[in-house]
Amino acid sequence: MLKLIKSLSAAALLSVVAFTGVQAAGASIEYKSINWQHTGMFGTYDRAAAQRGLQVYREVCAGCHSLKQVAFRSLADLGFNEDEIKALAAEATYEDGPNDDGDMFERAGKPFDKFPSPFANEKAARASNGGAYPPDLSLIVKSRVGFENYLYSLLTGYEDAPADMELMEGMHYNAYFPNHQIAMPSPMSEDAVEYSDGTPATVEQMSKDVTVFLAWAAEPKLEERKNMGLKVILFLLLLSGLFYAVKRKVWSDLH
């Protein structure tokens, strides 16, 4: 038992050291700072931005990056109605089965399906991207130091490499990526999408919108959690006041 405890303690210590090292590596870069509407105690998601961000993901990012933890039906939280969700899901094709004959078949997507992966497997993804494996974006905002600011900075951080820097073959310069060399070329370009609400599709706007969408994808119940937290705090304050009043009443006869 003692050896087990020591082993677990050592593993926990190594995890803390590794996590601290990752934080330190990320902390050396100062990311762009955006006043995100959904941050803070009372923050809520900007649903117009998140809906535009979904469009950016589908038209720009989905060709390489999966979103395998998000189901189409969860888009109702962003203001999409049932018909819109069914239409979005039906654009994707999924293998299902077996049928009564024991054969697999293809069908149109349904609201309960998760967003489809652009590649059949990791090897296919690497083969299509020069050996690099595009990460799944479901939790990308929460899994990087800097959170939303990191992703926004990365998407808007492509620049020409300094004259004294030699990029490795197939790499691109990014001011906010560790070592400033990234395999992914700049995914954003002016007017890469056409927003239905007339918002100008600048690189900065598209980057901000898709970041809001991916922040929601990583924590879709953020608003519910905040509302519950506020209710708990209010309850505890009222309970503390009640306890104080009872205490004063009980001890009022003592001097």
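The values are calculated or read from the model by the stated rules, or taken from the named source; none is laboratory data. The structure displayed is predicted, hence computed values, not measured ones. Cβ sites come from the backbone with ideal geometry, for glycine too, and all protein chains shown count toward neighbours. Areas reflect the complete protein model, heavy atoms only, side chains present, ligands, DNA and RNA absent. Shrake-Rupley method; radii C 1.70, N 1.55, O 1.52, S 1.80 Å.
Sum up the charges of everything whose Cβ sits under 15 Å from the Cβ of residue 129, counting Lys and Arg as +1 and Asp and Glu as -1, but leave residue 129 out. Kindly include the intermediate steps, with their values, before the conclusion.
Numbers: positive: 123, 126; negative: 122, 136, 169.
It works out to a net charge of -1.
Taking 0.36 nm per residue of sequence separation and subtracting the Cα-Cα distance, how much length would be gained by fully extending the chain between residue 128 and residue 95, in nm to one decimal? If you can, show how the numbers build up before the last one.
Details: separation 33, 0.36 × 33 = 11.88 nm, distance 2.17 nm.
Between residue 128 and residue 95, full extension yields an extra 9.7 nm.
Which helices pass in the chain if a helix is a full DSSP H run, must span at least 18 angstrom along its long axis by Cα, and must have mean Kyte-Doolittle hydropathy not below 0.5? Before the final figure, lay out each step's value.
Numbers: long enough: 2-27 (37 Å, 1.40); 203-218 (22 Å, 0.61); 222-250 (42 Å, 0.65).
Once both thresholds are applied, what remains is 2-27, 203-218, 222-250.
Taking the Cα-to-Cβ direction at residue 104 and at residue 143 and moving 7 Å from each Cα, how far apart do the two end points lie in nm?
Each label point lies 7 Å from its Cα, and together they span 2.4 nm.
Along the charge dipole of the range 153-255, pointing to its positive end and built from +1/-1 on Cβ of Lys, Arg, Asp and Glu, which listed residue (199, 254, 184) has its Cα farthest out?
Checking the options against the dipole of the range 153-255, the answer is 254.
Peptides 60-66, 160-166, 194-200, 174-180: what's the order by average Cβ count within 10 Å, highest mean first? Write out the running numbers ahead of the final one.
Numbers: 60-66: 18.6, 160-166: 8.7, 194-200: 10.7, 174-180: 17.0.
Ranking the peptides 60-66, 160-166, 194-200, 174-180 by packing returns 60-66, 174-180, 194-200, 160-166.
Taking N as the number of residues in the range 131-224, what value does Rg over Cα atoms divided by 2.2 N^0.38 Å take?
1.19
If I model a spin label as a point 7 Å beyond the Cα along the Cα-Cβ vector, how far apart are those points for residue 223 and residue 243 in nm?
3.3
Please state, as a whole number in µm²/s, the translational diffusion coefficient that the Stokes-Einstein equation yields for the chain at 10 °C and 1.306 mPa s, with Rh defined as the Kirkwood radius across alpha carbon pairs. Before the final figure, lay out the partial values.
Details: Rh = 22.0 Å.
The estimated diffusion coefficient comes to 72 µm²/s.
Charges at C-beta only: +1 for Lys and Arg, -1 for Asp and Glu. How large is the resulting dipole of the chain about its Cα centre, in Debye rounded to 20? Walk me through the numbers on the way to the answer.
On the way: 24 positive and 33 negative charges, 397 e Å.
So the dipole magnitude of the chain works out to roughly 1900 debye.
Could you point to the residue in 232, 85, 119 farthest towards the positive end of the chain's charge dipole, with +1 and -1 charges on the Cβ of Lys/Arg and Asp/Glu respectively?
232
Using a 1.4 angstrom probe and counting only protein chains, how large is the accessible area of residue 33 in Å², to 10?
That residue has around 100 Å² of solvent-accessible surface.
Where is the GNM fluctuation largest for the chain (alpha-carbon springs, 10 angstrom cutoff): 243, 147, 112?
Residue with maximal mean-square fluctuation among 243, 147, 112: 243.
Remind me, relative contact order of the range 65-169 in percent, using alpha carbon pairs under 8 angstrom and six or more residues apart? Kindly include the intermediate steps, with their values, before the conclusion.
Numbers: 108 pairs, mean separation 30.5, N = 105.
Averaging sequence separation for qualifying contacts and normalising by length gives 29 percent for the range 65-169.
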